[in-house]
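Right, one structure below, let's go through it.
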Amino acid sequence: MVFNRTKLNDRKGERGSVTIMTAVFALLLLLMVGLTIDVSRIYMVRAELQRAADAAALTAARELNGGTSGIDDAVTQATNVIANDQGLRAKTAVAITSVEFAANLNDNPYLSATAAKTVASTIKFVKVTTASSTTSILFASSALGVSQTESKQAVAGMSVELAGICDFYPAAVGLNNPTPTPGTLMTLKFAQGSGNSAVINDMDYIVLDVPCITGNGDTETARLAAGEPCSCNTLGGSIHMTPSSNFGNGGSAAGDGMNTRFGLYANGYGSSLVPSSYPSDTNVNETITYTQYSNANPTDGNGRRIVIAPIIAPGTYPADTDGRILAWGKFFLKTQMYVTNGNCANNPPCGYMTVEYVGKADVGATGPISCGSGLTTAVLYK
């Protein structure tokens with residue numbers, strides 16, 4: 001066999017070029033990995049900044065109330081939501097540099113807090129800007145520069161008017177503070193109208209007059225307390241007081257109606273208190289908290305122990321004339337109501353309702369929606 005010595009020598013000369021190409025490809029791979037790491041770090045910081053801006057803007061928007069106090073509270077809460085978020089502070093040391101306000105979404109420029117207070121009744125939007133955050137480039141400085149610096153903004157405001165609340169619990173609750181702290185425990189006492197007037201004290205409740213029920217005797221009171229679904233109203237709307245049965249046993253009738261939620265169905269009342277009309281909640285465990293009720297396993301109930309009721313100011317109201325709804329409250333029924341035969345008024349706590357205040361009801365109860373409410377909720381716009 002004859003070897004071609006010239007070709008063999010040529011192949012020996014190629015060995016060095018392979019080594020060079022391998023080194024070049026390894027360097028390129030290293031640079032690509034480094035670029036990927038740097039870009040990932042930039043996007044992580046960017047996402048944290050945006051999350052901080054979104055959270056601060058939403059929190060601030062919830063404080064807007066048409067007054068100067070809402071402007072101050074918005075600034076405070078926008079800062080606090082970042083200060084209290086351990087994740088944000090640990091990862092990117094996020095800070096808020098400005099909280100600005102506007103009456104319209106596309107206003108330019110937005111107003112400072114001081115300027116916004118002069119037109120507080122018109123303010124509906126909040127813009128939050130984060131402090132700039134710098135990310136050092138570790139591997140790809142030739143492509144990305146030695147660092148990347150940026151900040152983020154978010155605009156939040158109150159949504160368009162939500163529909164009115166229908167099928168609410170047809171009893172008004174008198175509270176000195178119409179927006180208590182969620183988790184507050186209350187004992188609400190049955191208030192009795194005289195036919196000419198109704199005196200509502202702090203933490204009293206009074207059964208309301210509704211269009212689907214005629215009369216205000218024991219049966220009507222029991223049915224209303226059981227949750228007769230025929231009421232629609234709005235924030236700031238008027239409600240009508242009713243004498244609510246009679247002074248002796250109105251509390252008993254209200255208690256018997258309310259207790260249908262715990263699976264207790266009293267005799268009388270024209271045989272109207274029946275499961276088919278007023279079903280029991282599927283969770284009747286007493287004394288539990290609202291959180292325990294919500295987290296219960298295997299079921300948290302069907303919501304019958306959560307009632308949405310209008311909140312009014314304590315005072316003396318002429319019977320069957322207007323009282324104004326200051327807020328919609330969501331209340332969790334802690335226990336069955338104690339009732340007694342005979343004169344309930346002389347046997348406290350007959351007719352008393354033990355509840356936990358859950359919070360403002362910014363969305364309606366179930367049922368057909370047929371009215372505007374003035375109720376709004378904070379949403380992100382951009």
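Bear in mind these aren't lab numbers, they're just calculated from the coordinates by the rules spelled out. Remember, it's a predicted structure, so these values are computed and weren't measured experimentally. Positions of Cβ are generated from backbone atoms using ideal geometry, with glycine treated the same way; all protein chains shown enter the neighbour counts.
Ranking Val379, Val358 by Cβ neighbours within 10 Å, fewest first, what do you get? Before the final figure, lay out the partial values.
Numbers: Val379 13, Val358 21.
Listed from fewest to most nearby Cβ atoms, that is Val379, Val358.
Can you sort Met203, Met32 by how many other beta carbons sit within 10 Å, fewest first?
Details: Met203 19, Met32 12.
With the fewest neighbours first, Met203, Met32 line up as Met32, Met203.
Going by amide H atoms built from the backbone, whose H comes under 5 Å of the H on Asp204, apart from near neighbours?
Amide H neighbours of Asp204: Gly174, Lys189.
Going by a ≥ b ≥ c, the root eigenvalues of the Cα gyration tensor, does region 199-333 fall in the rounded group (a/c under 1.5), the prolate group (a/b larger than b/c) or the oblate group?
oblate
Once amide H atoms are built 1.01 Å from N in the peptide plane, which residues 5 or more positions from Ala361, or in another chain, come under 5 Å H to H?
Correct list: Trp328, Gly329, Lys330.
Under 5 Å between amide H atoms, partner at least 5 residues away or on a different chain: which partners does Ser197 have, H built in plane at 1.01 Å?
Under 5 Å from the amide H of Ser197 lie the amide H atoms of Ala319, each far enough along the sequence or on another chain.
By per-residue mean of other Cβ atoms within 10 Å, what is the highest-first order of 327-335, 276-284, 72-80? Don't jump to the answer; show the numbers that get you there.
Values: 327-335: 21.1, 276-284: 16.0, 72-80: 18.8.
Descending packing order for the listed peptides: 327-335, 72-80, 276-284.
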